[in-house]
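A quick write-up on the structure given underneath.
The values are calculated or read from the model by the stated rules, or taken from the named source; none is laboratory data. Just so it is clear, the structure is predicted and the values come from calculations on it, not from any experiment. Cβ atoms come from the backbone with ideal geometry, glycine included; neighbour counts cover every protein chain shown.
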DNA sequence: TTGCGGTGAACAAACGATTGCTCTATGTTA
DNA sequence: TAACATAGAGCAATCGTTTGTTCACCGCAA
């Protein structure tokens, strides 16, 4: 059973507040050397650590951050979490992890619990466009940051990548390889990344003078299963695409499975490009060409942003947007020595 | 800013304790219907939620569980975490996630923070044999459960699989396919799974009358990079193995990479069997034959066990050991229709 | 002797809830 | 009419810290 201030005070024959001041190294404390030594010995001996709950109540800070994501088994979010924890732990924070499976109701429930727990900050990576949960979050005075996806335009603190540019890089790469019928396994239009990556896809096609074929855009969502279904749809078309841009790497993984089952060779029969560059992308055979974003850094930056809000008390809606890079692997280019194209990894301050 | 009991009491012209009793539906409360209605309206209107920190202090329970693992980006731990959260959330608990990267010092630091925070329970999946952190945990009166790995024999609450049997299934499978020179990419002898899976490997060889060749056992640790290095070692032998049992699936993934770089065909030139059956195993090409363990269930059972300890207040060192199953895929059997061998998935109460 | 300044601590009020107990009306029974 | 039960609340302690303020004492100077 952990020891309390009161018990220590009794053993040291002093008042609890004196023990507290010694423990916290209060500079305003004037104390006899002998007393101090006695108390310090006791603190060490008992390995006293102040009760975090009581401390949290008094100081109004819990030293807890919360991360809300769809699903930690998705490698993207696992890497993101590591980034967050790596940013938070050195500052004394620990991190609550909440999975929503993309269900708004669960997200809401989690956020309410978190608010009741008085977590010091929230990092949210499961938002929708027009998300009531985010609006609610704004009203609370809890520091928060949205990651990867944003909600209503530009009004929240945010860290992510330039999705339009990333999607354009991906699509232009396929166009450059001579593809004309390029499919898109698209994210939901209720999610910012879904919308913006579509936009980039369309922009690249239109820039190249390729007329958009509505059949070639199939909504897949962001996970493997949806990718597989959408790919099936594309391959069942009368004139199936020769290449596809998948809204995420996991979606691309689903597409790989379908191509394999149908006996299609990647990239000869079907070229595929993904988005995010999760570790799995490089391990696929062939390696998945994808748009690289600094996932771990998303996390550490997000952590720093929320910590900054906590420490300064100012909740400015700063946005950090990273420039994506295309990473070419075997899924688009048969003889690919892996190479990195696209803009350098510089961070740009504005969207 | 969230509302407090005191404010509500002022607005309802009653004492805070009365509001509290209404909010908590205290059956011992006798109250006029009018007053109750008035208070309830206020509670709804303000969406009052009691301050969890204050509540935690008074009630001595935080409704927080902590999970300590090596690394969430390892799919095994991601699946485990989901199991835990799925077991904990419905009971009102949220979950802190702590990554240690297998560094004892970090594990210790995390556990101390967690104790200071008064988390209600700890689920630890990063222990070593003879782990001082676990001994320390035993002295604290915090409910805890070890998962997958245990520490000193049998004295802690534990949920995991029968590692010896699992390793035997894997090795026997390779023997049954005619392999004689079977390598083992082994876990560290400081970790229970490392020790027990070696034991199973040796037992299977010895049962089959195959003399152990010390060169064929190379310590790889549990992650991809170590698997690659160990596989390099094995393949550089004068008489390299024709098959290998990897202590985890991630280790096997490392081996896949090496085999591929060296132009070896799996399973024709090198058969591989892993352990855990993470989702990635089935996606590899060829599919990875592996020992299936119910990872998600490890988590949900562990959560239930720790919740049970919390609720009953009794800390019995109950052990739940699952029987592993062999899942045969293409990495060991060229024409494999995937099949499930080995014992049925029944749960056995004892080790 | 009175007053003063510095030392070395104790005092006490929070932080926001929970809960056993007390208290005051009012209505009922003997 | 006196005693008493009951309804309907309020009171106050407590959880373990933190921190602004007060206090007692001692030595020293006026």
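Checked against the criteria, residue B:324 counts as under 17 Å from residue B:169 (Cα atoms) and either crowded, with 22+ Cβ neighbours inside 10 Å or at pLDDT below 90 (or both). Residues of region B:7-25 that are away from chain A (no Cβ under 14 Å), part of a helix (DSSP H, G or I) and within 11 Å of DNA strand C (Cβ to nearest atom): B:7, B:8, B:9, B:16, B:17, B:18, B:19, B:20, B:21, B:22. Name, by its number, the condition in (1) crowded, with 18+ Cβ neighbours inside 10 Å; (2) within 15 Å of DNA strand D (Cβ to nearest atom); (3) farther than 22 Å from residue A:119 by Cα that does not hold for residue B:57. Answer for residue B:57: the failing condition is (3).
Of all residues in region B:289-306, which are more than 12 Å from chain A (Cβ to nearest Cβ) and either surrounded by 24 or more Cβ atoms within 10 Å (Cβ to Cβ) or outside any helix (DSSP H, G or I) (or both)? Selection gives B:289, B:290, B:291, B:292, B:293, B:294, B:298, B:302, B:303, B:305, B:306. Given (1) modelled with pLDDT of 95 or more; (2) in contact with a helix residue (DSSP H, G or I) (Cβ under 9 Å, 6 or more places away or on another chain); (3) more than 8 Å from chain A (Cβ to nearest Cβ); (4) over 29 Å from residue B:129 (Cα atoms), identify the lone condition not met by residue B:51. Answer for residue B:51: the failing condition is (3). Here residue A:141 meets each of (1) within 9 Å of chain B (Cβ to nearest Cβ); (2) touching a helix residue (DSSP H, G or I) at 6+ places or on another chain (Cβ under 7 Å); (3) more than 30 Å from residue A:182 (Cβ to Cβ); (4) not in a helix (DSSP H, G or I) with one exception, condition (2).
Just to check your reading of the model, which residue among B:65, B:29 is outside the structural domain of residue B:252 (by TED's automatic domain parsing), modelled with pLDDT under 95 and touching a helix residue (DSSP H, G or I) at 6+ places or on another chain (Cβ under 8 Å)? First the steps, then the outcome.
Numbers: B:65 fails: modelled with pLDDT under 95.
After ruling out the rest, the residue left standing is B:29.
Among the residues of region A:241-267, those identified as over 24 Å from the mean Cα position of the chain (by Cα), within 13 Å of residue A:185 (Cβ to Cβ) and more than 14 Å from every other protein chain (Cβ to nearest Cβ) are A:241, A:243, A:244.
Taking residue A:43 as the residue in question, decide whether it is within 12 Å of DNA strand D (Cβ to nearest atom) and either assigned to a loop (DSSP other than H, G, I, E, B) or touching a residue at least 40 places away in the same chain (Cβ under 8 Å) (or both).
Details: within 12 Å of DNA strand D (Cβ to nearest atom): yes; either assigned to a loop (DSSP other than H, G, I, E, B) or touching a residue at least 40 places away in the same chain (Cβ under 8 Å) (or both): no.
The answer is no for residue A:43.
State yes or no: is residue A:49 over 41 Å from the mean Cα position of the chain (by Cα), part of a loop (DSSP other than H, G, I, E, B) and either surrounded by 14 or more Cβ atoms within 10 Å (Cβ to Cβ) or near DNA strand C (Cβ under 8 Å from one of its atoms) (or both)?
Details: over 41 Å from the mean Cα position of the chain (by Cα): no; part of a loop (DSSP other than H, G, I, E, B): yes; either surrounded by 14 or more Cβ atoms within 10 Å (Cβ to Cβ) or near DNA strand C (Cβ under 8 Å from one of its atoms) (or both): yes.
The answer is no for residue A:49.
Selection within region A:95-119: residues that are within 18 Å of the chain's Cα centre (by Cα) and assigned to a loop (DSSP other than H, G, I, E, B). The member of this set that is farthest from residue A:300 (Cα to Cα) is A:103. Screening residue A:2 against (1) touching a residue at least 12 places away in the same chain (Cβ under 8 Å); (2) more than 10 Å from DNA strand D (Cβ to nearest atom); (3) within 10 Å of chain B (Cβ to nearest Cβ) leaves a single unmet condition, (2). In this structure, residue A:38 does not satisfy being within 22 Å of residue B:51 (Cα to Cα) and either within 16 Å of DNA strand D (Cβ to nearest atom) or not in a strand (DSSP E or B) (or both).
Would you confirm whether any residue within region A:93-103 is at the interface with chain B (Cβ under 10 Å from one of its Cβ atoms), closer than 30 Å to residue A:226 by Cβ and exposed (fewer than 14 other Cβ atoms within 10 Å of the Cβ)?
Restricting attention to region A:93-103, the residues satisfying the condition of being at the interface with chain B (Cβ under 10 Å from one of its Cβ atoms) are A:93-99, A:101.
Going one step further and asking which of them are closer than 30 Å to residue A:226 by Cβ, we end up with A:95-99, A:101.
With exposed (fewer than 14 other Cβ atoms within 10 Å of the Cβ) added as a condition, the list becomes A:101.
The answer is yes; a qualifying residue exists.
All of (1) within 16 Å of DNA strand D (Cβ to nearest atom); (2) outside any loop (DSSP other than H, G, I, E, B) hold for residue B:28 with one exception: (2).
If you take the residues in region A:78-87 that are within 11 Å of chain B (Cβ to nearest Cβ) and under 20 Å from residue A:307 (Cα atoms), which one is farthest from DNA strand D (Cβ to nearest atom)? Break it down stepwise before answering.
Initial filter on region A:78-87 (within 11 Å of chain B (Cβ to nearest Cβ)): A:78-86.
Then drop every residue that is not under 20 Å from residue A:307 (Cα atoms), which leaves A:79-86.
Working: A:79: 35, A:80: 32, A:81: 29, A:82: 30, A:83: 30, A:84: 26, A:85: 24, A:86: 26 Å.
Once the filter is applied, the top-ranked residue is A:79.
When you look at residue A:74, is it in contact with a helix residue (DSSP H, G or I) (Cβ under 9 Å, 6 or more places away or on another chain) and within 16 Å of DNA strand D (Cβ to nearest atom), yes or no? It is false that residue A:74 is in contact with a helix residue (DSSP H, G or I) (Cβ under 9 Å, 6 or more places away or on another chain) and within 16 Å of DNA strand D (Cβ to nearest atom). Scanning region B:54-69 for residues that are touching a residue at least 60 places away in the same chain (Cβ under 8 Å), more than 10 Å from DNA strand C (Cβ to nearest atom) and either within 7 Å of another protein chain (Cβ to nearest Cβ) or not in a strand (DSSP E or B) (or both) yields a single hit, B:61. Take the conditions outside any helix (DSSP H, G or I), in contact with a helix residue (DSSP H, G or I) (Cβ under 8 Å, 6 or more places away or on another chain) and within 14 Å of another protein chain (Cβ to nearest Cβ) and apply them to residue B:122. Does it pass? It is true that residue B:122 is outside any helix (DSSP H, G or I), in contact with a helix residue (DSSP H, G or I) (Cβ under 8 Å, 6 or more places away or on another chain) and within 14 Å of another protein chain (Cβ to nearest Cβ).
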